1. Any residue in the range 27-38 that is under 26 Å from ARG129 (Cβ atoms) and under 14 Å from the mean Cα position of the chain (by Cα)?
2. Filter the range 104-134 down to the residues that are among the basic types (Lys, Arg) and farther than 13 Å from ALA83 by Cα and list them by number.
3. Test LYS26 against the criterion of being over 17 Å from VAL76 (Cβ atoms), of a type in the set (Lys, Arg) and free of Cβ contacts under 8 Å to residues at least 60 places away in the same chain, and give yes or no.
4. Working only within the range 40-99, note down all residues that are of a type in the set (A, V, I, L, M), farther than 21 Å from LEU159 by Cβ and either in contact with a strand residue (DSSP E or B) (Cβ under 6 Å, 6 or more places away or on another chain) or not in a helix (DSSP H, G or I) (or both).
5. Do you know which residues across the range 1-49 are touching a Lys or Arg at 6+ places or on another chain (Cβ under 9 Å), of a type in the set (Ser, Thr, Tyr) and more than 26 Å from ASP94 (Cβ to Cβ)?
6. Looking at (1) of a type outside the set (Lys, Arg); (2) more than 18 Å from ASN13 (Cβ to Cβ); (3) modelled with pLDDT of 95 or more; (4) out of contact with any Phe, Trp or Tyr (no Cβ under 8 Å at 6 or more places or on another chain), which one does GLU51 not meet, given that it meets all the others?
7. Residues of the range 112-133 being within 17 Å of MET79 (Cα to Cα) and either in a loop (DSSP other than H, G, I, E, B) or among the hydroxyl-bearing types (Ser, Thr, Tyr) (or both), which ones?
8. Looking for something more than 24 Å from GLY14 (Cβ to Cβ) and over 13 Å from the mean Cα position of the chain (by Cα) - is there at least one such residue anywhere in the range 107-124?
Amino acid sequence: MIIWAHGLWGNPNGSKVTAIRDSGIKINSPDFNDMELEERVELLSNLVSNENVTLVGSSYGGLACALVAQKYSGNVNGMLLLAPALHLPESPNDKPEELIAPINFPVTIIHSFTDEIVPISASKDYIKRSGNNLRLIEVEDSHVLENSFSLIISELNKLID
């Protein structure tokens with residue numbers, strides 16, 4: 001199963017997840033609207049704790065995915081993070097500098113070096129702490145990554161093949 005975690009201002013049928021679905025990829029997209037980070041992590045944890053999944057998260061949803069992957073690394077096959085807000089000090093991410101990617105599955109991050117909402121340094125710092133199983137693809141785009149949909153789909157296909 002592939003699980004999509006939308007961002008703070010996103011929704012379960014936003015442009016990125018719609019583009020993924022339109023490409024033929026089946027993806028589960030829970031509704032995280034009006035949820036704090038702890039609630040998002042709890043909902044994702046319930047989905048991940050029972051089966052093997054690939055996690056895809058955008059911005060705030062990327063942070064939720066990273067937290068769940070750290071806790072349930074044995075159930076995660078791969079993770080694609082899109083401009084993830086990994087730097088936010090918000091419970092349960094009280095110490096962002098301690099958030100580390102597990103080493104037992106591949107992680108790809110797509111982040112714009114011109115992102116004005118989440119600095120690319122959030123992704124770079126996560127990679128420095130985490131090690132070799134992470135790939136950062138830097139693009140010139142907005143935070144929404146609306147010009148990178150084909151890249152997102154291509155990288156997701158690499159994770160699920």
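1. yes
2. Taking the range 104-134 as the starting set, the residues that turn out to be among the basic types (Lys, Arg) are 124, 128-129.
LYS128, ARG129, listed by residue number.
3. On the way: over 17 Å from VAL76 (Cβ atoms): yes; of a type in the set (Lys, Arg): yes; free of Cβ contacts under 8 Å to residues at least 60 places away in the same chain: yes.
Considered against the rule, which asks whether it is over 17 Å from VAL76 (Cβ atoms), of a type in the set (Lys, Arg) and free of Cβ contacts under 8 Å to residues at least 60 places away in the same chain, LYS26 comes out as yes.
4. Of everything in the range 40-99, just one residue is of a type in the set (A, V, I, L, M), farther than 21 Å from LEU159 by Cβ and either in contact with a strand residue (DSSP E or B) (Cβ under 6 Å, 6 or more places away or on another chain) or not in a helix (DSSP H, G or I) (or both), namely LEU88.
5. The one that is touching a Lys or Arg at 6+ places or on another chain (Cβ under 9 Å), of a type in the set (Ser, Thr, Tyr) and more than 26 Å from ASP94 (Cβ to Cβ): SER29.
6. (3)
7. Result: SER123, TYR126, SER130, GLY131, ASN132, ASN133.
8. Going through the range 107-124, the residues more than 24 Å from GLY14 (Cβ to Cβ) turn out to be 121, 124.
Now narrow it down to the ones that are over 13 Å from the mean Cα position of the chain (by Cα): 121, 124.
Scanning the range 107-124, I find at least one residue that is more than 24 Å from GLY14 (Cβ to Cβ) and over 13 Å from the mean Cα position of the chain (by Cα), so the answer is yes.
The values are calculated or read from the model by the stated rules, or taken from the named source; none is laboratory data. All figures in this text were calculated on a predicted structure; none of them were measured in a lab. Backbone-built Cβ (ideal geometry, glycine too); neighbour counts: all protein chains shown.
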